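Read-outs throughout are calculated quantities, based only on the coordinates presented, and are distinct from any laboratory measurement. Keep in mind the model is a prediction, meaning the values are calculated, not measured. Cβ placement follows ideal geometry from the backbone for every residue including glycine, while neighbour counts extend to all protein chains displayed.
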Amino acid sequence: MGFLDFHHHQLSKTGIYNLNLNEEIPAGKFSAGLHPKDITENWKSDFEKIKTVSLSEKCLAIGECGLDGIINIDENLQNDIFKAHIHWAEEIHKPIIIHCVRRFSQILHYKTAKVSLVIHGFNKKENVAQELLDAGFHLSFGRATLENLSLQKIIKNLPIQRLFLETDDADFKINKLYEKVAEIKSITLENLRDQMWENLDNIVRNG
């Protein structure tokens, strides 16, 4: 079994591929969602397409979707669309991969969702991580972890059952991240690999 790449944009990688809108269902596992930056006036029809492809057994999660505070998209609309993703995920019992930029206080309002919530590409301070963990979120870490001491401290202290690792759209090998995190957590590479797959099984099984 290879290293799970929880969220990525390259079909050649092992893990959850972020399916692009209007892209055909791939051979491997994927997630489907409407990224805030891709919201248009046609979002309702786009979301119907997402709902259709997400019914595939190969679709493990809804997303990435969420809230972004630096793009020029109406925030009320972003919230409405994020709520639509949550309601759909709850209906089909699949976890959600969340994109969040400068809107973590708002994201915390969705902690009551009846499915697993995973913040992808987490790169914020320890107090934000703790608030999210206390609210039941999972955190997925990417390339920044290799050099960011603050993120490394967060990873060292967080429960390993709430951890995921990803490359996102960065061009690097996920095994480098696994090696760093295994060192941080003082566990073997094999144990970390197995735990990441177990974490995925848990959120997929529980929705």
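Taking the Cβ of Ser150 as the center, what net charge do the other residues with Cβ under 13 Å away carry, scoring Lys and Arg +1 and Asp and Glu -1?
+2
Say a paramagnetic label sat at a point 7 Å from the Cα of Glu183, along Cα to Cβ; which residues of segment 105-149 have their backbone N under 20 Å from it?
Counting backbone N atoms under 20 Å from the label point, the list is 141-149.
Tabulate in residue order the Karplus-calculated ³J(HN,Hα) for segment 196-205, using 6.51 cos²θ - 1.76 cosθ + 1.60 with θ = phi - 60°, rounded to whole Hz; enter x for Gly and Pro.
For segment 196-205, the Karplus-derived couplings read 5, 5, 5, 4, 5, 4, 5, 6, 5, 5 Hz, x marking Gly and Pro.
Among 14-23, 141-150, how do they line up from the highest to the lowest mean number of other beta-carbon atoms within 10 Å?
14-23, 141-150
Looking at this model, which pairs from Lys44/Lys176; Lys49/Lys173; Lys13/Lys153; Lys83/Lys185; Lys111/Lys185 are more than 29 angstrom apart at the alpha-carbon?
Where the Cα-Cα span goes over 29 Å, the pairs concerned are Lys44/Lys176; Lys49/Lys173; Lys83/Lys185.
For a paramagnetic label modelled at 7 Å from the Cα of Asn157 toward its Cβ, which residues of segment 91-131 fall within the zone defined by backbone nitrogen distances under 15 Å?
Under 15 Å, as judged by backbone N against the label point of Asn157, lie 124-131 of segment 91-131.
Which of His109, Leu67, Asn199 sits farthest toward the positive end of the charge dipole of the chain, with +1 on the Cβ of Lys and Arg and -1 on the Cβ of Asp and Glu?
Asn199
Using the Kirkwood formula over every pair of different C-alpha atoms, what hydrodynamic radius in Å results for segment 1-58?
Over segment 1-58, the inverse of the mean reciprocal pair distance is 12.1 Å.
What's the ranking of 41-49, 131-139, 67-75, 189-197 by average number of surrounding C-beta atoms within 10 Å, highest first?
Packing proxy ranking, top to bottom: 131-139, 189-197, 67-75, 41-49.
Taking a virtual spin label 7 Å from the Cα of Glu23 along the C-beta vector, which residues in segment 114-150 bring their backbone nitrogen under 20 Å of it?
Answer for segment 114-150: 118-122, 140-143.
From the backbone phi of segment 176-181, what are the Karplus-calculated ³J(HN,Hα) couplings (6.51 cos²θ - 1.76 cosθ + 1.60, θ = phi - 60°) in whole Hz, Gly and Pro given as x?
5, 5, 4, 4, 5, 5
Run through every distinct alpha carbon pair of segment 131-207 and return the Kirkwood hydrodynamic radius in angstroms, one decimal place.
12.9 Å
Please give the net charge around Leu133, taking every other residue with its beta carbon less than 15 angstrom from that of Leu133, where Lys and Arg add +1 and Asp and Glu add -1.
The answer is +3.
Calculate I(q)/I(0) for the chain by the Debye formula, one identical point scatterer on each C-alpha and no solvent, and give its log10 at q = 0.16 Å⁻¹ to two decimals.
-1.04
For the chain, what does -39500 (n - 2.57) per DSSP helix run (n ≥ 4), summed and divided by total residues, give at 222 nm, in deg cm²/dmol to the nearest 500?
Computed ellipticity for the chain at 222 nm equals -12000 deg cm²/dmol.
Give the peptides 163-170, 85-92 in descending order of average Cβ contacts within 10 Å, highest first.
163-170, 85-92
For a quick check: with amide H placed at 1.01 Å from N, whose amide H comes under 5 Å from Asp5's, ignoring anything fewer than 5 positions away on the same chain?
Residues meeting the amide H criterion: Thr14, Gly15, Ile16.
If I take every Cα pair under 8 Å that is 6 or more residues apart in segment 5-206, average their sequence separation and divide by the length, what percent do I get for the relative contact order?
Once divided by the residue count of segment 5-206, the mean separation gives 17 percent.
Dipole of the chain, Cα-centred, from +1 at each Lys and Arg C-beta and -1 at each Asp and Glu C-beta, to the nearest 20 debye?
Here the chain has a charge dipole of around 480 debye.
How large is ³J(HN,Hα), in whole Hz, for each residue of segment 92-100 in order, when computed from phi with the Karplus curve 6.51 cos²θ - 1.76 cosθ + 1.60 and θ = phi - 60°, using x for Gly and Pro?
Here the 3J(HN,Hα) series is 9, 6, 10, x, 10, 9, 9, 9, 9 Hz.
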